[in-house]
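Report on the following structure.
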Amino acid sequence: MKYIKITILTVITLITTVAYSQTVKHFAGRDNAGDKGPNYYNNTTCVKDSAYFYYPEGITWDNNGNLWITERNKIRLFYNNNFYNRAGKIGPGDQSQRYQNGTGIMAQFYAPTSIVSDGSGILYIVDNENHAIRKMEKFTSVGQNQAVTTFAGAPPTVDGFGTPGDANGTGTNAMFSAPKGIVRDAATGNFYVTEFNNFTIRKITSSGVVTTLAGKSGTQGSTDGTGSAAQFAGPYGIAQLDNNYIVVTDFDNSTIRKVHMTTGVVTTICGKAGDSRYVDGNFTNARFREPRGIVVVDGKIYVCDGSVIRIIDVNSNTVSTYAGSTTQSGNQDGEGTSARFGTLGGIAYDGKISLYVTDLYYNVIKTVKINGLAPACNFTASKTSALVDETVTLTNTSSGKTTTSLKWTITSIGLSHTIVSGTATSLTPIGVKFHAAGFYNVKLWVKNSYGEDSLARSSYISISTTGIDKISKSKIATVYPNPSNGIFTLHSINGNYPVKSYEVVDFSGKVIIQKNCDNSISEEIDLTLYPSGIYFIKAVSSIGYSSIKLQKL
């Protein structure tokens, strides 16, 4: 049997290309690096920040959105902000490791490394050192004792451990040797398993029929090919790439492989066998150090590679360091490469905007926000100041993935408007006419498959009977204080553009003050005799004019 030593790596990166920056935050677990004594495990219910994990690795969500974690000897559930031991013998993580079916804590595991849920909520667990795939019934309540059985792989031996092998067959007639990762194709119901010691990829139907999809048992190598002609050297993590392919981290080859789910054709995507380093770049030049967990989100591949998360963009054929440092390890939250990890194991996507990763060294779980998926609401107007009944075009400019639904809301007090092109829910720009002078508030709500967001702007559109434009930052002059109790100072910016003249217009469009200034730098404007409200000032210089909104208190 091959063993993997968990170490903290400090290496020199030959090429560093940081194309992404994401927020890494602690989610659960107490840092217990280097001390796995009896005080560093939990047997009872605990809040997430009080949980002591022991080599947490497998991570997934069931059909009800409950989070599940595999540890060295148990299966834990995160439910109602608490962690619960749902299966596995009570005791320290390096004890009570055996192979036993049963319910709740009567069931036993030996280093489970991966877990996945089917559409009904049944859990399938890769029991690595017992060389089997275990099955755990759907969770319904905290008081339930979930039954654990063997889905595929040899049954327990008389000494209470699993038996390695490479036989195909159904259920307990099949045999595995150190399976590591599992993924389920929802379209077919088939499972795909990486088999570390047999150097193969196995396929399991929903009824438990096991066959070898790619690789040849006992033959270690790095050759691409079809079925048994392909070679692996320690396949570890596995994820579904698209409707046809799965992707696999080939740990001992330091490569990322692609396997056709029907034909078994294996292709190396990136990395080079025998060249274990951290190198970003194109697929030809990129190198991996010790790839384990893998997940695919929005067509991009994320890989736990030692102390960093790498991102593979199959459209641009590039590999980049996504989060963590290739030169320093640690347990530190942060943005992108300022974050620190120990040795990363499993990785999963929450179906929203975050990745969850397990740290095998520090025994914690972290979240990594994927920027650019959920919308960040924004919009523009063709004019922010316009005449009565002039059409203003409102355009959604939100970032993130494509907006799938939106809604415009335009409000004012005692004023009216009409949408003259499109509707309030049109995905394309809409045209609006405003029928009375005043200020209109605009709000936009947007949604896509990753989330939703909204943005409201007060007094965003100003409508008047004059042609004065509302400019939030004047080009030649400024007014202060604004608002004021009636005394304003008009001042040329930096003294560079002396004011030749100005006029003040009230809200109805009537000119109430006009003055020639003979190129003055500063002018006092007195509105103390006028009612409180909104006014406009148009200041003219030799290079143009500034239109500024005034508010008298």
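For the chain, the solvent-accessible area of protein heavy atoms averages 40 Å² per residue (probe radius 1.4 Å; ligands and nucleic acids excluded).
For region 184-290, a crude dipole built from +1 on the beta carbon of Lys and Arg and -1 on the beta carbon of Asp and Glu, taken about the Cα centre, is about 60 debye to the nearest 20.
For region 101-175, which whole percent of the accessible surface, found with a 1.4 angstrom probe, sits on carbon and sulfur atoms?
Numbers: 1460 of 2680 Å².
Roughly 55 percent, rounded to a whole number.
Suppose R0 equals 35 Å. What FRET efficiency, 1/(1 + (r/R0)^6) with r the Cβ-Cβ distance, do Asp185 and Lys407 give to the nearest 0.05?
Details: r = 37 Å, r/R0 = 1.04.
My answer for the efficiency is 0.45.
Ordering Phe53, Ser532, Val314 by the projection of their Cα atoms onto the charge dipole of the chain, which places +1 on the Cβ of Lys and Arg and -1 on the Cβ of Asp and Glu, puts Ser532 at the extreme positive end. Under 5 Å from the amide H of Phe176 lie the amide H atoms of Ala154, Gly165, each residue being 5 or more positions distant or on a separate chain, with H modelled from the backbone and absent for Pro and chain starts.
Once amide H atoms are placed 1.01 Å from N in the peptide plane, what residues at a sequence separation of 5 or more from Thr223, or on another chain, have their amide H within under 5 Å of its amide H? Here Gln231 satisfy the definition.
Please report the relative contact order for region 511-553, taking Cα pairs under 8 Å with a sequence separation of at least 6, and give it as a percent rounded to a whole number. Don't jump to the answer; show the numbers that get you there.
Values: 34 pairs, mean separation 14.0, N = 43.
Across region 511-553, relative contact order equals 33 percent.
Between region 509-534 and region 193-226, how many Å separate their Cα centres? The two parts, judged by their Cα centres, are 83 Å apart. Judged by the mean number of other Cβ atoms found within 10 Å, the most tightly packed of the peptides 91-103, 156-168, 299-311 leads the ranking 299-311, 91-103, 156-168. Each residue of region 349-361 was assigned a 3J(HN,Hα) from its phi angle through the Karplus curve 6.51 cos²θ - 1.76 cosθ + 1.60 (θ = phi - 60°); the sequence is 9, 7, x, 10, 10, 9, 9, 10, 10, 9, 9, 6, 8 Hz, with glycine and proline shown as x.
How high is the relative contact order of the chain? Use alpha-carbon pairs under 8 Å, at least six apart in sequence, and give a whole percent.
Working: 1679 pairs, mean separation 54.1, N = 553.
Relative contact order comes out at 10 percent.
Which entry is the computed percent of Cα pairs over 41 Å apart for this structure: (i) 19; (ii) 41; (iii) 22? Recomputing percent of Cα pairs over 41 Å apart here picks out (ii). Here the simple spin-label model places points 7 Å from the Cα toward Cβ, and for Tyr480 and Ser338 these points are separated by 3.2 nm.
Residues with beta-carbon under 15 Å from that of Ser338, excluding Ser338: net charge, scoring Lys, Arg +1 and Asp, Glu -1? The partial results should precede the final answer.
Details: positive: Lys25, Arg340, Lys366, Lys369; negative: Asp333, Glu335.
Surrounding charge for Ser338 is +2.
Compute the FRET efficiency between Asn519 and Val420 as 1/(1 + (r/R0)^6), taking r as their Cβ-Cβ distance and R0 = 45 Å, and round to the nearest 0.05.
Details: r = 44 Å, r/R0 = 0.98.
E(calc), rounded to 0.05, equals 0.55.
Tell me the label-point distance for the pair Ser454, Asn63, using the 7 Å Cα-to-Cβ offset, in nm and rounded to one decimal. Simple spin-label model gives 3.3 nm for this pair. In this structure the amide hydrogen of Ala286, modeled in the peptide plane, comes within under 5 Å of the amide hydrogens of Gly271, none closer than 5 places in sequence on its chain.
Longer than 20 Å from Cα to Cα, which of Lys135/Lys300; Lys135/Lys366; Lys300/Lys352; Lys180/Lys258; Lys25/Lys272 are they? Say none if no pair is. From Lys135/Lys300; Lys135/Lys366; Lys300/Lys352; Lys180/Lys258; Lys25/Lys272, over 20 Å: Lys135/Lys300; Lys135/Lys366; Lys25/Lys272.
Given a Förster radius of 35 Å and the C-beta distance between Asp350 and Asn168 as r, what FRET efficiency does 1/(1 + (r/R0)^6) yield to the nearest 0.05?
Details: r = 35 Å, r/R0 = 0.99.
Step by step, r from the Cβ atoms, then E = 0.50.
Once neighbouring chains are kept in place and the probe is 1.4 Å, which whole percent of the accessible area of region 244-340 is contributed by carbon and sulfur?
Working: 1140 of 2910 Å².
Summing carbon and sulfur atoms, their accessible area is 39 percent of the total for region 244-340.
The values are calculated or read from the model by the stated rules, or taken from the named source; none is laboratory data. Just so it is clear, the structure is predicted and the values come from calculations on it, not from any experiment. Using ideal geometry, Cβ is built from the backbone for each residue, glycine included, and neighbour counts are taken over all protein chains shown. The protein model used for the area step is the full one, side chains on, heavy atoms only, and it has no ligands, DNA or RNA in it. Shrake-Rupley method; radii C 1.70, N 1.55, O 1.52, S 1.80 Å.
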